[in-house]
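Take a look at the structure below.
The values are calculated or read from the model by the stated rules, or taken from the named source; none is laboratory data. Everything quoted here is computed from the prediction, not taken from an experiment. Counting neighbours? That spans all protein chains shown, and the Cβs are built from the backbone with ideal geometry, glycine included. Surface accessibility is based on the protein's heavy atoms, side chains included, excluding ligands, DNA and RNA. Shrake-Rupley method; radii C 1.70, N 1.55, O 1.52, S 1.80 Å.
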Amino acid sequence: MQPKLELLSLDLIARILDEAFQLMQKPGIKVQSAAAREMLIAAGASANGDVVNIPEKIIRKALETTPDEFCLYDRKGQPKVWYGGDAVQFDPGSSGVHILDPDTLEHKTSYTPDLARVVKVAEMLPEYAAQSTAIVCNEVPKTIGDFYRLYVVLMYSQKPIVTGSFSVQNLPIMFDMLGLFAGGRQALADKPQAVFDVCPSPPLIWSDFGANNLIELAKARVPAQLISMPLAGAAAPVTLLGSVVQHAAESLSGIAIHQLANPGAPIVWGGAPAIFDMRHGTTPMGAIETAMIDAAYAQVGKSLNLPTHAYLGASDAKVVDAQAGLESGVTAIIGALAGINMISGAGMLDFLACQSPEKLVVDAEGIGMALRLVAGIQVRTETLATALFEGINFKGDFLKQKVTRDLFSKEQHLPSSVIDRDSIRGWQASGSPDTFARAKTRTRELLAAYEPPCYSPEQERELRTMVENLARKAGMDALPKLG
Amino acid sequence: MTDELFQKMSQSILDGDSDAAIALAKQAIDSGIDPLEAISKGFVVGVNQVGESFACGQAFLPELVMAGEAMKAAVATLEPEMQKRGTSRQVYGKVVLATVEGDIHEIGKTLVGTMLSASGFQVYDLGVDVPTAKIIEKVKEVDADLVGLSALLTTTMVKQKEVIDELDKLGLRKKVKVMVGGAPVTKDWVQKIEADGYSEDAIGAVGLAKRLVGVV
């Protein structure tokens, strides 16, 4: 039995959806894309300027065609990530603009080698089922920043990718890049290797870019991941439930636009909400209430049979310290117990602004624990205990049993050297390292052991040439040196 | 009697109670109290107190914002009487506020606007995603003393510099002080783009604005 955290009663889910439907009618949703407005109006919505009043029936119809599950594939075409049901998987947080310098602890502007390092570390850690385009490479013009990040990830990773575009024009480029490995656009639609984040703007707005992004993803049948981000108390109602209703209205209206563009295209009920810190005016990702909003909206999504995503497992601390550990660990566990299919956020500090490979390594331990927890307590032996007591005769001799040897690594999650379970003498003998020091060592070890994916030279050349040509058009004579 | 009324005015701001503030402002007009006195001895006392509480961690943003809204309501109620008497509230300076082009984050900027206007500045808030040309146009139109530029993205921060460069080009830079704000803004950035100052929060922004126009 997979243990579960449910914060909402069925009655409350029904009320949330009911009020979300009411909001979509009044005040309606501001849809700033003419194409999306036209589709909604043709389907029976009414509009006043760019505000569209969307009747429930349009949403209900869209929900009939959304797939309740789909897979993401690796570069070799193997299914590796399962969206749907209560599958729980993790990927590093994305779009950081800083990287934590492990030696000086400065938050430095991030560049290509930093992204390469993050991707390599995540590639080595099985706790990460997918990669993300984890940081912005600041030496590259913003106009090509989205597909350039994807290029770096593709060069260093075989895993499925959580990504997103910065402009609608760049989407086809990113499809073609992924298509190089999938075997063309059609093959990419059949066996997608990436999911694309798409964000409404709180409260209740679909920007021109966001809505058109949804339409193009639907047409290409490349999975879209809705990232609604109510900011409770600032850009959303202060109550957790009020924010969950807003999340539902923004997400459902997005699903309507998406399914009208191409019924049956895959879409994920995701988000990155937060409460609003009333002292500093910041958006704490590590707050318990932030995680509660996530768990609650995931439950709403599950009631509609939709695959789910959330932004958890990140911290607002500025270094990889006790706060970072507790916020990341606690929220990762909440996400896992909520049965969220893809949980993004690992490695992130400072309100998702800063990535750290060392934190990624620490977070992998928390994720290992979370995954162990959701694997649950299982019956592995015929009798639970009585047969295991045969021959024991009141002695602590279970270590000698064959069953101990057979089952210990299934029953126990075996942590890496980042987790200290040494005796105090052993710990002292190894130099009394704290968590961060152990994480730095392990990061170095992982980077040394990393091996790049074996692509054919033609594939690699084709990808590089494609990106080089586009970069040249954007005014870059040569691509930055990779990691 | 009048002292009691001033006390109530200050309290209405502390409570963030716009209705009470409006009622008290009307009461002041009816009893012939000078509106300027009602502001300086009554309402402003509350604003300052909330600001101080916030600065030392005892008040939170919702209290700050509601106090600002109540102040705005009180001043608006007193406005016609001030006109009748041919007086006006002392304005510390005229501020043009905007979130720069390409950036739609407005919470911080709006907060600064509320607190500046509660503290006696004339605020022209142009909203979000405002092109440089539009900011400059407004600065010229209202003969602004200050410009406040918000940017929450490292990618849009550069627009803060663009506005400063443009002011420079037009020879307005000496007259118009520029404050910048937003999560990615640092002291280094302020120096690099030669802005006149930045603040971590809305209360700090009020202090900064007062310093820049030479009130304190």
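Structure above, values below:
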quantity: Subset of the range B:1-16 (residues that are in contact (Cβ under 8 Å) with a residue 40 or more places away in the chain and charged (D, E, K, R)); calculated: B:Asp15
quantity: Within the range A:129-165, considering residues that are among the polar types (S, T, N, Q) and assigned to a loop (DSSP other than H, G, I, E, B), the one farthest from the chain's Cα centre (by Cα); calculated: A:Asn138
quantity: Criterion (touching a residue at least 12 places away in the same chain (Cβ under 8 Å), open to solvent by 60 Å² or more (accessible area, probe 1.4 Å) and part of a helix (DSSP H, G or I)) met by exactly one of B:Met66, B:Met82; calculated: B:Met66
quantity: Residue in the range A:97-111 that is of a type in the set (S, T, N, Q) and within 14 Å of chain B (Cβ to nearest Cβ) present; calculated: yes
quantity: Every residue from the range B:60-70 that is away from chain A (no Cβ under 14 Å) and of a type outside the set (Gly, Ala, Ser); calculated: B:Glu69
quantity: Residues of the range A:16-48 that turn out to be within 24 Å of A:Gly339 (Cβ to Cβ) and surrounded by 14 or more Cβ atoms within 10 Å (Cβ to Cβ), as a count; calculated: 4
quantity: The range A:206-234: number of residues that are outside any strand (DSSP E or B) and either small (Gly, Ala, Ser) or within 14 Å of another protein chain (Cβ to nearest Cβ) (or both); calculated: 11
quantity: Qualifying positions in the range A:422-432 - within 23 Å of A:Val320 (Cβ to Cβ) and part of a helix (DSSP H, G or I); calculated: A:Ile424, A:Gly426, A:Trp427, A:Gln428
quantity: Every residue from the range A:235-292 that is β-branched (Val, Ile, Thr), in contact with a strand residue (DSSP E or B) (Cβ under 6 Å, 6 or more places away or on another chain), closer than 25 Å to B:Leu152 by Cβ and not in a loop (DSSP other than H, G, I, E, B); calculated: A:Ile275, A:Thr290
quantity: Considering residues of the range B:165-216 that are in a helix (DSSP H, G or I), within 21 Å of the chain's Cα centre (by Cα) and within 14 Å of chain A (Cβ to nearest Cβ) only, the residue farthest from B:Ala59 (Cα to Cα); calculated: B:Ala205
quantity: Qualifying residue in the range A:276-292 (condition: more than 14 Å from chain B (Cβ to nearest Cβ), surrounded by 24 or more Cβ atoms within 10 Å (Cβ to Cβ), out of contact with any helix residue (DSSP H, G or I) (no Cβ under 8 Å at 6 or more places or on another chain) and at pLDDT 95 or above); calculated: no
quantity: Flag if A:Asp68 is out of contact with any Gly (no Cβ under 6 Å at 6 or more places or on another chain), open to solvent by 60 Å² or more (accessible area, probe 1.4 Å), in a loop (DSSP other than H, G, I, E, B) and not polar (S, T, N, Q); calculated: no
quantity: Every pair of residues 6+ apart whose Cβ atoms lie under 6 Å, when the first sits in the range A:120-142 and is more than 14 Å from every other protein chain (Cβ to nearest Cβ) and on the phi < 0 side of the Ramachandran plot while the second is among the small types (Gly, Ala, Ser) and open to solvent by 10 Å² or more (accessible area, probe 1.4 Å); calculated: A:Ser132/A:Ser94; A:Thr133/A:Ser94; A:Ala134/A:Ser94
quantity: Flag if A:Thr239 is polar (S, T, N, Q), surrounded by fewer than 24 Cβ atoms within 10 Å (Cβ to Cβ) and within 19 Å of the chain's Cα centre (by Cα); calculated: no
quantity: Verdict on B:Glu162 being more than 21 Å from B:Val142 (Cα to Cα), open to solvent by 20 Å² or more (accessible area, probe 1.4 Å) and either touching a residue at least 24 places away in the same chain (Cβ under 8 Å) or in a loop (DSSP other than H, G, I, E, B) (or both); calculated: no
quantity: Residue, nearest to the other protein chains (Cβ to nearest Cβ), within the range A:183-205, restricted to residues that are open to solvent by 30 Å² or more (accessible area, probe 1.4 Å) and hydrophobic (A, V, I, L, M, F, W, C); calculated: A:Ile205
quantity: Scope the range A:386-421; condition part of a loop (DSSP other than H, G, I, E, B) and closer than 30 Å to A:Val119 by Cα; matching residues; calculated: A:Gln412, A:His413, A:Leu414, A:Pro415, A:Ser416, A:Ser417, A:Val418, A:Ile419, A:Asp420, A:Arg421
quantity: Residue match in the range A:438-446 (condition: more than 23 Å from A:Lys318 (Cβ to Cβ) and either surrounded by 12 or more Cβ atoms within 10 Å (Cβ to Cβ) or out of contact with any Lys or Arg (no Cβ under 6 Å at 6 or more places or on another chain) (or both)); calculated: yes
quantity: Boolean, A:Val81 is assigned to a helix (DSSP H, G or I), more than 14 Å from chain B (Cβ to nearest Cβ) and buried (at least 22 other Cβ atoms within 10 Å of the Cβ); calculated: no
quantity: Among residues of the range A:317-332, those that are surrounded by 21 or more Cβ atoms within 10 Å (Cβ to Cβ) and in contact with a helix residue (DSSP H, G or I) (Cβ under 7 Å, 6 or more places away or on another chain), counted; calculated: 5
quantity: Meets criteria (assigned to a helix (DSSP H, G or I) and within 28 Å of A:Pro433 (Cβ to Cβ)) for A:Ala317; calculated: no
quantity: Among (1) in contact with a Phe, Trp or Tyr (Cβ under 9 Å, 6 or more places away or on another chain); (2) of a type outside the set (Val, Ile, Thr); (3) not in a loop (DSSP other than H, G, I, E, B) - the single one B:Tyr92 does not satisfy; calculated: (3)
quantity: Residues of the range B:142-159 satisfying the condition of being over 21 Å from the mean Cα position of the chain (by Cα) and either in a loop (DSSP other than H, G, I, E, B) or buried (at least 22 other Cβ atoms within 10 Å of the Cβ) (or both); calculated: B:Leu153, B:Thr154, B:Thr155, B:Thr156, B:Met157, B:Lys159
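Residue by residue, here is whether (1) within 14 Å of chain A (Cβ to nearest Cβ); (2) of a type in the set (Phe, Trp, Tyr); (3) crowded, with 21+ Cβ neighbours inside 10 Å; (4) not in a helix (DSSP H, G or I) holds:
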{"residue": "B:Val45", "(1), (2), (3), (4)": "no, no, no, no"}
{"residue": "B:Gln49", "(1), (2), (3), (4)": "no, no, no, no"}
{"residue": "B:Gln58", "(1), (2), (3), (4)": "yes, no, no, yes"}
{"residue": "B:Lys72", "(1), (2), (3), (4)": "no, no, no, no"}
{"residue": "B:Val96", "(1), (2), (3), (4)": "no, no, yes, yes"}
{"residue": "B:Ile104", "(1), (2), (3), (4)": "yes, no, no, yes"}
{"residue": "B:Thr110", "(1), (2), (3), (4)": "yes, no, no, no"}
{"residue": "B:Leu116", "(1), (2), (3), (4)": "no, no, yes, no"}
